[in-house]
Amino acid sequence: MTPTTLPPPAYIRSFDSTRLAVWDIGPRNAPVLLLINGLGGNLVTWKFVIDRFRDRLRFISFDYRGMYDSERPTNGDFTMDAHARDAVSVLDHFKVDKALVMGWSMGVQVCFEVYRRIPGRVVGLILANGAYGTPLDKAPTVLKPAAMPVVSFLAVAADRLRPVARKLLSNTRPLKLAKKVGLVSQQLDEDVFLDLVQRYIELDFSAYRDCTASLINHSAEDILEHVKVPTLILGGGRDFFTPKVFSDEMARRIPDAELHVIEDASHYCAVEYPQQLVGIMEKWLERVLAPTPKRKRR
């Protein structure tokens, strides 16, 4: 497997001086799409989106505080609001006044908090495989009691487990099993997914634990009816982690929402059915970014 080549990041200081790794890709005069990762995800997640639109959109993204190339915050603040303030700091750094905002998984919750903070600067929202909050409330019952014990164990045992995890990645059986039980789709791009997993196992899992605790207790439900921008919701019919019920409810409660469910997709539709996903995005973007017709003078 050849790892995805990422452009080198730049670094900025966020609102509380946390050092963030940031990316700015694409034409400077193009509409901006701010990409907000899932928990434990990075820019690799967006490979197919960037490949499709890199000549037409300007992509801005960042690693979450404490994840990958971004610094762990000295104040220990991993709240969804802190991530949203980081996102606004990134837009401010690049002097971006208006942006489309797209999130995957946890990034959907961060998207809502970005909108809460700067509604006048958000042109539209694209929400993929996510929830508006407290995601474990509607997830399979086995996840809720297991989530924090598992990530807490990883936080203390990661150094011992990494060598085992690296060996497992050289074996195709775990991925075949994940496909067989439906955790991921048969259509999964294995190279990109394994690249994501390779990077994931090197994370600081104490930061991951703290981020998870914030994620599962956060809710932006109160803002749904107050979203006043076009919103594209992308769900997976076989999403184990953020089930379709979240997508359905967001589509029902957000005034200008458009819902598309890729029935055979799991939580990872961006690397399972990328051509379907970017095709849906393309049509939506044509509508949202279409020039406003000028009124004729009487």
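Listed values, structure above:
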item: Residue list for the range 1-56, filter: among the polar types (S, T, N, Q) and either surrounded by 20 or more Cβ atoms within 10 Å (Cβ to Cβ) or not in a loop (DSSP other than H, G, I, E, B) (or both); result: SER14, THR18, ASN37, ASN42, THR45
item: Evaluation of LEU143 against (1) in contact (Cβ under 8 Å) with a residue 60 or more places away in the chain; (2) within 25 Å of LEU35 (Cβ to Cβ); (3) not charged (D, E, K, R) (one fails), failing number; result: (2)
item: Some residue of the range 99-115 being of a type in the set (Asp, Glu), assigned to a helix (DSSP H, G or I) and touching a residue at least 24 places away in the same chain (Cβ under 8 Å); result: yes
item: GLY124 vs. criteria out of contact with any Gly (no Cβ under 7 Å at 6 or more places or on another chain), small (Gly, Ala, Ser) and modelled with pLDDT of 90 or more; result: yes
item: Residue count, the range 164-194 (criterion: touching a helix residue (DSSP H, G or I) at 6+ places or on another chain (Cβ under 6 Å) and either loosely packed, with under 14 Cβ neighbours inside 10 Å or without any contact (Cβ under 8 Å) to a residue 24 or more places away in the chain (or both)); result: 3
item: Residue ID - farthest from HIS260 (Cα to Cα), chosen from residues in the range 135-147 that are at pLDDT 85 or above and surrounded by 15 or more Cβ atoms within 10 Å (Cβ to Cβ); result: ALA147
item: Selection count, the range 129-142, where residues are under 11 Å from LYS244 (Cα atoms) and either outside any loop (DSSP other than H, G, I, E, B) or out of contact with any Pro (no Cβ under 6 Å at 6 or more places or on another chain) (or both); result: 4
item: Qualifying position, being out of contact with any helix residue (DSSP H, G or I) (no Cβ under 6 Å at 6 or more places or on another chain) and either closer than 30 Å to PHE153 by Cβ or assigned to a helix (DSSP H, G or I) (or both), among ASP264, ASP222; result: ASP222
item: Residue satisfying condition, being under 17 Å from the mean Cα position of the chain (by Cα), of a type in the set (Lys, Arg) and more than 25 Å from VAL278 (Cα to Cα), within set ARG72, ARG85; result: ARG85
item: For PRO145: the one exception among (1) under 19 Å from ARG238 (Cβ atoms); (2) of a type outside the set (S, T, N, Q); (3) part of a helix (DSSP H, G or I); result: (1)
item: Cβ pairs under 8 Å, 6+ apart, first in the range 227-248 and in a helix (DSSP H, G or I), second of a type in the set (D, E, K, R); result: VAL245/LYS138; PHE246/LYS138
item: Some residue of the range 104-113 being touching a strand residue (DSSP E or B) at 6+ places or on another chain (Cβ under 7 Å), among the β-branched types (Val, Ile, Thr) and under 16 Å from VAL227 (Cβ atoms); result: yes
item: TYR132 vs. criteria over 22 Å from LEU285 (Cβ atoms), within 17 Å of the chain's Cα centre (by Cα), in contact (Cβ under 8 Å) with a residue 40 or more places away in the chain and surrounded by 15 or more Cβ atoms within 10 Å (Cβ to Cβ); result: yes
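The values are calculated or read from the model by the stated rules, or taken from the named source; none is laboratory data. From a predicted model like this one, the values you see are computed outputs, not experimental measurements. Methodologically, a virtual Cβ is constructed for each residue, glycine included, from the backbone with ideal geometry; neighbour enumeration extends over all protein chains shown.
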